[in-house]
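FYI, it's all coordinate maths here, none of it is from the lab. In this text the structure is predicted, and so the values were computed from the model without any measurement. Cβ sites come from the backbone with ideal geometry, for glycine too, and all protein chains shown count toward neighbours.
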Amino acid sequence: MNSKVITALATPNIAMIKYWGKRDYTGLNTPNNSSISMTLDETLNTKTTVMFSDKLDSDKLYINGVEENIHGDNVSEKSKYIKNTLIEMRKLSGVKENVVVVSENNFPSGAGIASSASGAAALIYALNEALELKMDGKQLSIMARKISGSACRSVFGGIVKWNVGSHDDGSDSFAEMAFDVQHWKELIDMIAVVDPDTKKVSSSIGHEATVRTSVLYKNRVPFAEEGVTKIEDAIKNKDLDSLSKVIMRDSNNMHATMLDTWPPIMYLNDSSKEIVYKIHQLNDSQQDKKCIAGYTFDAGPNAHIITTDEHKEEVLTALKDVQGIKKIFESHQGVGPRILPENESLLDENTLTPKKMK
Ligand code: PMV
C-alpha cells in the first residue's frame, strides 16, 4: 500500500430548505424531504488529512487536536458512522492498513454552522483520493450522507439540491448541483454567531424525536418539498424577495416542529429572536416592501442571513444593536471540496499524530 498523505478541504453549506427527520436510522440517513442549500466559500472550512499505514494498530481520528474514540459500543452516533465509512471505503479499495485521520475546523464546531457537513465532505474527499477509488459526485455524496445527512450537499459547490429519493437502500438519495456559483454570484450568507458552544441537543437525537412526537411534523414534509421548487424558481429568476420569504418560512416551520417535539427542543436564544425581528423590520422598511434579506437557523442559535452584496451594509446596520452577537462571518458561494498541496498536511508523519496536538 502506498502511504500517501492526502489533505482535502471542504466547506459547510447552509440549507435554504432544511432536512429535518430521517426515514432510515440504521446508518443510511435518508431524509423525509428534499432540501436545497448554498455551499459556503472557504472563509469557513474544514481541512482533513488522511494516511493509511501498517504502523497503526487501529484507525485513529483526531478532531481539532483531540483524539475521538471511534471504537467500541459506547461511542457517539457520528463516530460510529465515521468508523463504518472507513470500513466501507477501505473494503471497496481492497486496502488493508489502518488509517489516521486529522481534521481541523477554522470555526466553532457543533454550533449549527454545519461543521459536521464540511467535516464529513472533507473526509470522504480525502479518503477517495488516498484509496484511489475515483468515485464520482453521486457516489461521494451518498458516502458523505452516511456520516451526516446534510454533508451530502457539501460535496458540490454553488446551489445544491438533495433529492429525497425513495429506494430503501438510499441509492437515489443524493445531492446534485442545481446552479453553479456564477449564476447568482452576489448571494451572500452573513453568519451572526451568538453562541459558539456546542448545541444542547445533537441533530441525530433531534431528527428522531421530532418525527416520533411532533404533531406538526406531518405538515412539514409536503411544505418543505414545495419549498424546494419555490427556491429553485427564486434562484433561477434572481428574485431576492421571494427567496428571502421562502427561506424564513422554512426555518420558522422547522423550528416550530422542534418546539412541538416532546420534550421540546429549542435551539434559538434571545439574540437569535432579536435578529428575526430586526430582519423583519429591515424588510418592512423597504419602500416597495420587498424583502432584501432572509434569516435561517440550523440546529443552533447562530443566524444565517441570506442577502446580496448590494444589501450587505443595510443588514450590518440592522444587526448593529443586537445584544450578544459575538462575530459576523461573511461568505459567498463556494465551489466545493478540493485536494490541498502536500505542504498543507496536518499530520506529523513520524508520530502519526496531529502536527499541532492540543
Ligand atoms: O446532517 P445533520 O444530521 O447534522 O442534520 C442537520 C440538519 C439541519 O442542519 C438542521 C438542516 C440542514 O438541512 O442542514
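Which trypsin sites (Lys or Arg not before Pro) in segment 308-347 pass both tests, a DSSP loop state and at most 12 other beta-carbon atoms within 10 Å? Write out the running numbers ahead of the final one.
Working: sites: K312, K320, K326, K327, R338; in loops: K320, K326.
When the trypsin sites (Lys or Arg not before Pro) of segment 308-347 are filtered for loop state and at most 12 Cβ neighbours within 10 Å, K320, K326 remain.
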Completion exercise
Here, D284 and K55, labelled 7 Å along Cα→Cβ, have an inter-label distance in nm of 6.4
Practice task
Per DSSP H run of n ≥ 4, the term is -39500 (n - 2.57); total these for the chain, divide by its residue number, and report the mean residue ellipticity at 222 nm rounded to 500 deg cm²/dmol.
Solution key: -11000 deg cm²/dmol
Fill in the blank from the handout: Any lysines whose Cα falls less than 16 Å from that of K55, other than same-chain ones fewer than 8 residues away, would be K4, K96
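Show me the ranking of peptides 32-41, 9-18, 246-255 by mean Cβ neighbours inside 10 Å, starting with the highest.
Details: 32-41: 25.8, 9-18: 28.1, 246-255: 22.1.
So the order, starting with the most tightly packed, is 9-18, 32-41, 246-255.
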Practice task
Please report, in debye to the nearest 20, how large the charge dipole of the chain is about its Cα centre when each Lys and Arg carries +1 at its beta carbon and each Asp and Glu carries -1 there.
Solution key: 520
Practice task
Give me the lysines in straight-line cross-link reach of K236: C-alpha distance below 20 Å, same-chain residues under 8 apart excluded.
Solution key: K18, K161, K185, K245, K290
Handout entry: Rounded to 5, percent antiparallel among DSSP beta bridges of the chain
Key = 95
Practice task
Name the residue farthest towards the positive end of the dipole of the chain from the options L56, I279, L352, assuming +1 on Cβ of Lys and Arg, -1 on Cβ of Asp and Glu, about the Cα centre.
Solution key: L56
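Hey, can you list the DSSP H helices of the chain whose Cα span along the axis is 18 Å or longer and whose average Kyte-Doolittle score is at least 0.5?
Numbers: long enough: 77-93 (24 Å, -0.92); 115-130 (22 Å, 0.74); 217-236 (29 Å, -0.69); 240-259 (28 Å, -0.06); 270-284 (21 Å, -0.96).
TM-like helix candidates: 115-130.
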Problem - Of the trypsin sites (Lys or Arg not before Pro) in segment 155-243, those whose Cβ has at most 15 other Cβ within 10 Å and which sit in DSSP loop - result: K185, K200, K238
Practice task
Enter the Cα centre distance for the pair segment 296-345 and segment 121-144, rounded to the nearest angstrom.
Solution key: 26
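Which order do the peptides 69-76, 204-211 come out in when sorted by mean C-beta neighbours inside 10 angstrom, highest first?
Working: 69-76: 11.8, 204-211: 18.6.
Ranking, from highest mean packing down: 204-211, 69-76.
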Handout entry: Cleavage-rule hits, GluC sites (Glu not before Pro), segment 74-163, DSSP coil, Cβ neighbours within 10 Å at most 16
Key = E97, E132
